[in-house]
Every structure is written in structure tokens, then in C-alpha cells.
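Single-structure report; data block below.
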Amino acid sequence: MAFRVLAAAAGGSATPVQDAIRAKVTAALAPVALEIVDDSASHAGHAHAAMGPGRAGAGAETHFKLRVVSAAFEGLPTVRRHRLVYGLLSDELKGPVHALNLDTKTPAEAGP
């Protein structure tokens, strides 16, 4: 429950992890499109989902799908794009986030 208490103290958001992801990705990559889907409920029965802070069984935010369209990805292969995003979210990946599903595109790749 400590995670939820800290989140509430930090501003009372019901989605503190998603908010942190959005803020960090937006600040670093200036995306022209950013979609964040919390897929935690789909993983509630998995082994990592034991009750406790940052666990799907506790209703916490643990699994996300991110679609990021940014000019910052120009000239970078997919692996480097993903490493860039993982680096931005290293604190979240050490804590509550168990998995990220990434779709990283340049504006030209994303199309109209």
C-alpha cells in the first residue's frame, strides 16, 4: 500500500505511473503522437501478480503498451529506439512496471 500512499501524496492521481511515463516521454522525445494503454488487468492471473505495491493483483499499473511517434527516432534502428525509451523509464522499470510493449515510429513511418 506504500506505493498508493506515495502516489496520493504526489498529487492524488489515480494513474501515477502512467502520468510519469507520459511526462518523461513527452519531455524527452516531444512526440507528435503518444498512446499509453494500461494492460495490467489482462495480466492479473500471472505469477508476478501477487498482491502488493506495483502488482497487477493489487490493481496497480504494471503492464503498458506505448505507441510513440517522434522525430527523435529518425535514423535509429528499432533496438536503439526501444533502448532510448527504456532508459527514460528506468525508474518505473525498476519499480512498478513489469512489462512495456513498444511501438516506436518516426512521423514519416507513422503516415498521415
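The values are calculated or read from the model by the stated rules, or taken from the named source; none is laboratory data. None of these values were measured; they are calculated from a predicted model. In this analysis, Cβ positions are derived from the backbone assuming ideal geometry, glycine residues included, and neighbour counts consider all displayed protein chains.
Taking the residues in region 69-110 that are crowded, with 16+ Cβ neighbours inside 10 Å and of a type in the set (D, E, K, R) as candidates, determine which candidate is nearest to Leu34 (Cα to Cα).
So, considering only residues that are crowded, with 16+ Cβ neighbours inside 10 Å and of a type in the set (D, E, K, R), the one nearest to Leu34 (Cα to Cα) is Lys105.
What number of residues within region 100-110 are outside any helix (DSSP H, G or I) and free of Cβ contacts under 8 Å to residues at least 60 places away in the same chain?
Selection size over region 100-110: 6.
Sort out which residues of region 21-65 are modelled with pLDDT of 95 or more, surrounded by 14 or more Cβ atoms within 10 Å (Cβ to Cβ) and part of a helix (DSSP H, G or I), and write them in order of number.
Ile21, Arg22, Lys24, Val25, Ala28, Leu29
Within region 80-90, which residues are closer than 20 Å to Ala60 by Cβ and without any contact (Cβ under 8 Å) to a residue 12 or more places away in the chain?
Ser90
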